[in-house]
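**Student:** For reference, the structure I am asking about is given below.
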Amino acid sequence: MIIPSNVTELGPSEFKKFLSSFDHVFSDCDGVIWMGGHPLPGAGEFFKRMKQHGKTVHFVSNNSLRTKHNYEEKFKASGIENGFDNLTVPSTAIAEYLKSVNFTRKVYCVTCPETIKVLESKGFVCVHGPDLGADFYQDYLRYLDDDPAVGAVVFDSDFQINLPKIYKAILYLQRPGMLFLNGATDKYVSLKPGCLALGTGAFTDIAVEESNRIPVQLGKPGKAFGEFAMKRAGVKDPSRVLFIGDMIEQDVSLGRNTGFKTMLVLSNNTKENMLAHKTIKPDYYAKSLGSIVPFL
């Protein structure tokens, strides 16, 4: 079992060994670089110092909800240049996967609007909804009409998910040959420091259980998503990547699944919770990225 090391408590030789153990930094965004609407102190400086040490810097997030403009503003506020250009999110991975299999049919989207926008910008025809369901349960028969033109079901951060959408997704997934793709898996999201609330991943689990289908996982912690991020970054050796995140299930698991070294920042976890996890441990941890800057 891995015993995580506090980066800020390493001796000089151990810290030098830590730095020499990777060539590339892949980092989550929410909870690592910023929290809510505010940059976390020292995060931007951390990445500047990493580049000075010869490391490449890339970003990997499960958050497809933000627009390009919103991401660019947040990176800018954090003092990070070209952040969006080096960012991988599920919506991009989903679109590239569909292109790779020469997909030409309709996509049923149980996703955020931004994911639909990305898919449509790549030429895919998306259908979604209904946004409101019937009041009486027997009227839900209307959501069990199949559409043979639909060839893929995609889940990705639909915060307006409802029972009719679940009905339609499960209906489509019962058809042989239907593609099933999933972006963000997050069962919890950070609303403010120390406050984790229920996320949309729980609803994807319902579709998985009821359809008896396992999706291609194109968000954290899926190995396919980690490998896609590597491909976009031009990185070939996962063992030379340090992945930084704030969530054990999504971030540390992604690192484990893909073969990265991992570091957990404790913005949404305590040291005690991290050590108590029965199956997943990071290689390293720190209070924040800013706490590491003085050692760089």
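**Student:** In this structure, is Lys165 within 24 Å of Phe136 (Cα to Cα), among the charged types (D, E, K, R) and touching a residue at least 40 places away in the same chain (Cβ under 8 Å)?
**Tutor:** Spelling it out, Lys165 is indeed within 24 Å of Phe136 (Cα to Cα), among the charged types (D, E, K, R) and touching a residue at least 40 places away in the same chain (Cβ under 8 Å).
**Student:** Find the helices (runs of 4 or more DSSP H) located wholly in segment 157-239 whose residues include 3 or more that are within 19 Å of the chain's Cα centre (by Cα) and under 30 Å from Asp135 (Cβ atoms), and list them.
**Tutor:** Answer list for segment 157-239: 201-211.
**Student:** When the residues of segment 76-114 are narrowed to those that are in a helix (DSSP H, G or I) and touching a Gly at 6+ places or on another chain (Cβ under 7 Å), which ends up surrounded by the fewest Cβ atoms within 10 Å (Cβ to Cβ)?
**Tutor:** Ser91
**Student:** Sort out which residues of segment 34-58 are in contact (Cβ under 8 Å) with a residue 40 or more places away in the chain, in contact with a Phe, Trp or Tyr (Cβ under 8 Å, 6 or more places away or on another chain) and either outside the structural domain of Asp237 (by TED's automatic domain parsing) or aliphatic (A, V, I, L, M) (or both), and write them in order of number.
**Tutor:** Listed by number, the residues that qualify are Leu40, Ala43.
**Student:** Give me the residue from segment 123-156 that is in a loop (DSSP other than H, G, I, E, B) and of a type in the set (D, E, K, R) and, out of that set, nearest to the chain's Cα centre (by Cα).
**Tutor:** Asp131
**Student:** Same structure, new question: Step by step: first the residues of segment 190-218, then only those that are in contact (Cβ under 8 Å) with a residue 60 or more places away in the chain and out of contact with any Phe, Trp or Tyr (no Cβ under 8 Å at 6 or more places or on another chain), then the one that is surrounded by the most Cβ atoms within 10 Å (Cβ to Cβ). Which residue is that?
**Tutor:** Ser190
**Student:** I would also like to ask the following. Could you tell me whether any residue of segment 8-23 is closer than 12 Å to Val265 by Cβ, outside any loop (DSSP other than H, G, I, E, B) and over 24 Å from the mean Cα position of the chain (by Cα)?
**Tutor:** Yes, segment 8-23 has at least one match.
**Student:** Then there's this: Which number in (1) in contact (Cβ under 8 Å) with a residue 60 or more places away in the chain; (2) not in a loop (DSSP other than H, G, I, E, B) marks the one condition that Ser291 misses?
**Tutor:** Of everything listed in (1) in contact (Cβ under 8 Å) with a residue 60 or more places away in the chain; (2) not in a loop (DSSP other than H, G, I, E, B), Ser291 misses just condition (2).
**Student:** Taking segment 240-259 only, how many residues are touching a Ser or Thr at 6+ places or on another chain (Cβ under 8 Å), part of a loop (DSSP other than H, G, I, E, B) and crowded, with 21+ Cβ neighbours inside 10 Å?
**Tutor:** 1
The values are calculated or read from the model by the stated rules, or taken from the named source; none is laboratory data. Fair warning: this is a prediction, and the values are worked out from it, not measured in the lab. Heads up, the Cβs are rebuilt from the backbone with ideal geometry, glycines too, and the neighbour counts pull from every protein chain shown.
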